[in-house]
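I have placed the structure first, in the form of structure tokens, so that the comments after it can refer back to it.
The values are calculated or read from the model by the stated rules, or taken from the named source; none is laboratory data. Just so you know, these numbers come straight off a predicted model, no measurement behind them. Neighbour counts are summed over all protein chains in view; Cβ atoms, including those assigned to glycine, are modelled from backbone coordinates with ideal geometry. What goes into the accessible areas is simple: the full protein's heavy atoms, side chains included, and nothing from ligands, DNA or RNA. Shrake-Rupley method; radii C 1.70, N 1.55, O 1.52, S 1.80 Å.
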Amino acid sequence: MSSSVVSLSDLTFAWPDGTPVFDGLDTQLGPGHIGLVGNNGAGKSTLLRLLTGELRPQRGSISVPGRLGCLRQDLGLAAGQRVDEVLGIAEIRKALHRIESGDGGESDFESVGAAWDIEERAVALLGRLGLHYVAGDVAQLDRRVDTLSGGETVLLGLVAELLREPEVLLLDEPTNNLDEVARTRLYEVVGQFSGTVLTVSHDRGLLALVDSVAELRQGGIRLFGGNFAEYERMIEAEQEAARALVRDARSDVRKQSRELVETRIKLDRRRRYGQKMWDTKREPKIVMGNRKRAAEVSAGKLRNNHIGKLQEAQEQLTQAQEKVRDDREIRVDLPDTRLYPGQEVIDLREVELACGPRVTLKVTGPERIALTGRNGIGKTTLLHRIRAESPKVPWKLLPQRLDIFDESLSVFENVAATAPHAAPEQIRARLARFLFRGGEADVLAGALSGGERLRAALAMLLLADPAPRLLLLDEPTNNLDLPSLEHLTEALASFQGALIVVSHDPRFLDEIGVTRRLELTPEGLVDRLGE
């Protein structure tokens, strides 16, 4: 394993509007494979952009040993590009071919350098990632990228970075859009990388393979040894301890409040007794005056002592509460989505998809179906064909991009448009169950973060009138942070209708209680539930 370590010293960065992201961040990342986790908006992508030099910090320094490679979410490939151009080896190949034909000059030898086997290495790497390249067939490097699926272009981008032989490799959500086979191959290739890997991902299968976890939270980074499961166990143990501290602190606040009230009652009784003694003049005035002043001093000390204890208890409660993370859960009751066993939902017979397969699909009752298949086979096309064929029950589609909003309207207004017969107070009460409380429901859809956008989309779908009894979900876990993934799972747990979910996340599919697994193949749909 490489000893490469990425060092951040006094790293400070804020956006042009003054919004701070990092302020004096000091940490070291590596060696080995590190999973970078954190809520959407915590600054994960910003940190990667700082590491690559795309952004410059206002203060501090970044030290990256050796060459740095970065696989971005958006590769920005042009449709007419060739594979070798994406891999960054097109000019080397031209120089090699001129040398092989006897027309090479000094500049060609300089271009090639030590990369005489670059074509063979490129094809070998492409083959290892399952991109259907035949060993030794370098002519396939002339292939155009518009013949590749979205998942294949991601793998192509990874090959491009690996060919540069970096010491440090940054991966930004590398398994988005990858089918299960492609994910497995990526896991293997990344696992064999000898340098330092920093991965931003919500893919718990990939995070299970990391050596350590770096949590980005409130502008700081905290390191945890072990994989993501170990990280979850440590955080849960800490949170249980934090919740116990909150319970103890609340109990202490109640105790101090009670004692302060009792002290005030006691002092008030003393004051009334002293006033009575003064009014009846049972003792000399000078004696009563001295006694009254002493009593006032004593009462003040006693009162201040209890007030101080109460303030201290309240401060300890605040400190304890700050250690407890916001783990608000979506809890909704959706009885109107209920389907009964045997109730007809979908009945497709020999429907031909544009990509080739002919599909027959019958769905009855509250089935939960995972729709899988290799990239480019037509899973999204099938979802849209189901929609076009008019299912037998009310339905809704959750697209990958969550582009179902009028961005100029608030969350409340978007949901109200889908439930025109619901009273405003009913809509706000329901939105509160999706964690949009008070003014949060009046935020414009265009200003929502990724996690908020997901919750708003779920609210639009599940609170619609009529309530959907069939949900079509297209890669719903892509680009979600882990809390948002939990929110999605919670909402779907309350849904009592039928689900058809395109996803390559096995843990997510298990958690939502899949009852059928259908693989789309060139021959049609194959039931894989028993495999």
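Scanning the stretch 207-234 for residues being in contact (Cβ under 8 Å) with a residue 40 or more places away in the chain and outside any loop (DSSP other than H, G, I, E, B) gives a total of 12.
Within the stretch 370-382, being touching a residue at least 60 places away in the same chain (Cβ under 8 Å), surrounded by fewer than 20 Cβ atoms within 10 Å (Cβ to Cβ) and not in a loop (DSSP other than H, G, I, E, B) holds for one residue alone: Thr380.
The single residue among Arg428, Arg453, Arg517 that is basic (Lys, Arg), touching a residue at least 40 places away in the same chain (Cβ under 8 Å) and assigned to a helix (DSSP H, G or I) turns out to be Arg453. Scoring Arg507 on the criteria (1) in a helix (DSSP H, G or I); (2) without any contact (Cβ under 8 Å) to a residue 60 or more places away in the chain leaves a single failure, condition (2). Looking only at the stretch 166-182, which residues are surrounded by 21 or more Cβ atoms within 10 Å (Cβ to Cβ) and in a helix (DSSP H, G or I)? Ala182, the sole residue that qualifies. Would you check if Glu120 is at pLDDT 90 or above and surrounded by fewer than 17 Cβ atoms within 10 Å (Cβ to Cβ)? No, not satisfied.
Screening the candidates Glu511, Glu452, Glu490 for the property of being open to solvent by 10 Å² or more (accessible area, probe 1.4 Å), closer than 16 Å to Val332 by Cβ and either touching a helix residue (DSSP H, G or I) at 6+ places or on another chain (Cβ under 7 Å) or not polar (S, T, N, Q) (or both) yields one hit, Glu490.
Scanning the stretch 422-480 for residues that are aliphatic (A, V, I, L, M) and within 18 Å of the chain's Cα centre (by Cα) yields a count of 9. Residues that are open to solvent by 10 Å² or more (accessible area, probe 1.4 Å) and among the charged types (D, E, K, R) were ranked within the stretch 197-214; the one that is nearest to the chain's Cα centre (by Cα) is Arg204.
Checked against (1) modelled with pLDDT under 90; (2) within 24 Å of Leu209 (Cβ to Cβ), Ile34 meets all criteria but (1). Please specify each residue of the stretch 352-369 satisfying the condition of being free of Cβ contacts under 8 Å to residues at least 60 places away in the same chain and either over 15 Å from Thr521 (Cβ atoms) or open to solvent by 30 Å² or more (accessible area, probe 1.4 Å) (or both). Once the filter is applied, which keeps residues that are free of Cβ contacts under 8 Å to residues at least 60 places away in the same chain and either over 15 Å from Thr521 (Cβ atoms) or open to solvent by 30 Å² or more (accessible area, probe 1.4 Å) (or both), the stretch 352-369 yields Glu352, Ala354, Cys355, Lys362, Thr364. Within the stretch 125-146, if we keep just the residues that are modelled with pLDDT of 70 or more and in contact with a Gly (Cβ under 9 Å, 6 or more places away or on another chain), the residue that is surrounded by the most Cβ atoms within 10 Å (Cβ to Cβ) turns out to be Val145. Regarding Ala447, is this residue over 25 Å from Ile386 (Cβ atoms), among the hydrophobic types (A, V, I, L, M, F, W, C) and open to solvent by 30 Å² or more (accessible area, probe 1.4 Å)? Answer is yes for this residue.
Of everything in the stretch 10-33 that is outside any loop (DSSP other than H, G, I, E, B) and of a type in the set (D, E, K, R), the residue that is least open to solvent (accessible area, probe 1.4 Å) is Asp10.
Checked against (1) open to solvent by less than 20 Å² (accessible area, probe 1.4 Å); (2) at pLDDT 90 or above, Pro424 meets all criteria but (1). The condition of being touching a Ser or Thr at 6+ places or on another chain (Cβ under 9 Å) and either open to solvent by less than 10 Å² (accessible area, probe 1.4 Å) or of a type in the set (Gly, Ala, Ser) (or both) holds for Leu471. When the stretch 390-407 is filtered for residues that are over 28 Å from Glu180 (Cα atoms) and open to solvent by 80 Å² or more (accessible area, probe 1.4 Å), only Lys392 remains.
In the condition set (1) surrounded by 16 or more Cβ atoms within 10 Å (Cβ to Cβ); (2) more than 22 Å from the chain's Cα centre (by Cα), Ser7 is compliant with all but (1).
Every residue, every condition in (1) open to solvent by less than 30 Å² (accessible area, probe 1.4 Å); (2) acidic (Asp, Glu), yes or no:
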{"site": "Ile92", "(1), (2)": "no, no"}
{"site": "Ala95", "(1), (2)": "yes, no"}
{"site": "Arg98", "(1), (2)": "no, no"}
{"site": "Asp108", "(1), (2)": "yes, yes"}
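Listed by position, the helices (runs of 4 or more DSSP H) contained in the stretch 40-138 that have at least 1 residues being of a type in the set (D, E, K, R), in contact (Cβ under 8 Å) with a residue 24 or more places away in the chain and within 23 Å of Leu178 (Cβ to Cβ) are 44-52, 83-87, 118-128.
Assess whether Leu36 counts as being open to solvent by 20 Å² or more (accessible area, probe 1.4 Å), touching a helix residue (DSSP H, G or I) at 6+ places or on another chain (Cβ under 7 Å) and either outside any helix (DSSP H, G or I) or not aromatic (Phe, Trp, Tyr) (or both). Against the criterion (open to solvent by 20 Å² or more (accessible area, probe 1.4 Å), touching a helix residue (DSSP H, G or I) at 6+ places or on another chain (Cβ under 7 Å) and either outside any helix (DSSP H, G or I) or not aromatic (Phe, Trp, Tyr) (or both)), Leu36 does not qualify.
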